[in-house]
1. List every DSSP H helix in the chain whose Cα atoms extend 20 Å or more along the helix's own long axis and whose mean Kyte-Doolittle hydropathy is at least -1.0.
2. Output the lone cysteines of the chain: those with no second cysteine's C-beta under 4.7 Å from their C-beta.
3. Can you give the convex hull volume of the alpha carbon atoms of the chain per residue, in Å³?
4. Using all alpha carbons of the stretch 106-241, what is the percent of pairwise distances in each 5 Å bin, ordered from the shortest bin to the longest?
5. Taking Cα pairs under 8 Å and at least six residues apart, what relative contact order does the chain come out at, in percent?
6. Under the Kirkwood approximation applied to all pairs of distinct alpha-carbon atoms, what is the hydrodynamic radius of the stretch 1-135 in Å?
7. Would you order Ile50, Ile90, Ile203 from fewest to most other beta-carbon atoms within 10 Å of each residue's own beta-carbon?
8. Take the Cα atoms of the stretch 164-259, build their convex hull, and give its volume per residue in Å³.
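Only the coordinates and a few stated rules stand behind these numbers; no lab work does. This one's a predicted model, so the numbers in the text were calculated from it and none came from an experiment. Virtual Cβ from ideal backbone geometry, glycine too; neighbours counted across all protein chains shown.
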Amino acid sequence: MDIRPIGMFDSGVGGLTVYKEVRNMFPNENIVYLGDTKNFPYGPKSRDNIISYTKQGIEFLISKDVRAIVIACGTATSQAIDVVKDLYSIPIIGMIEPTCNYISTSSNISKVGVLATEGSIKSGSWQSSLSMCKHGLIVKSRACPLLAPMAEEGWTDNEIARLSIRKYLADMTDVDALILGCTHYPLFTNIFKTEMPSSCEIINPGKLVAKKLKSELSDSNDTASGNLEIFLTDSECNFVNVAKKILDKDLYSIKQISI
Ligand code: DGL
């Protein structure tokens, strides 16, 4: 049995929405989480910078002897996954492929919307992967630059968040499914649910990533203690408060590192 931990990586606290799903799937696995809070937000940064941050994050996690890495960040997935998959031999799972696999097998989705950061949308990665995964699928996309910073601020259930989301959704109300293509966006699920027609499926890719991880790991470590170790590249942020909202518990041992 492989007792090494699983590594997870995001620009900040949003990746914890994926952690939550991975934890549900793997209650006993030890997990090392890296939030690159010093470089947050990734959304408006250049592709070169995102690739370099993602490489640093992956190398840090490899130095922690993880056995697989989840890029729990839509922007890093969109901009860097192809590059890092070629560079490192460790299994690396991003947000897009598991989501496309799901869409390709869902018979009731013929028009899909994807919301993500400006960097993700500009890269065209979501749009091209979705268009390729299912013949005739209509894909609508929208960058939502205000949402990840609002989530880091803890503004996930107020009028400003609602009005911003309503504006971002203006052209999306006819889709069969809406993909939350940035891992910060599941924090706004209540608002998405009330702003979209009830017939629209709201897709949190984190759940699909957890399933994909299960299929990638040949054995799961049932004897470990389910430990979560969190590293941040800058601790002057609202991480602990937002983490509490996501996980419904206090996190005490967060370490600041420089990478
Ligand atoms: N959680 C990230 C994503 O999925 C990043 C948001 C940001 O850093 O701008 O895109």
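1. 47-63
2. Lacking a cysteine Cβ partner under 4.7 Å: Cys73, Cys144, Cys182, Cys200, Cys237.
3. Spelled out: Cα convex hull of the chain, divided by residues, is 118 Å³.
4. Pairs per bin, as whole percents: 2, 9, 16, 19, 18, 14, 11, 8, 3, 0.
5. Rounded, it is 29 percent for the chain.
6. For the stretch 1-135, inverting the mean 1/r across all distinct Cα pairs yields 15.4 Å.
7. On the way: Ile50 25, Ile90 15, Ile203 22.
Starting with the residue having the fewest Cβ neighbours, the order is Ile90, Ile203, Ile50.
8. 173 Å³
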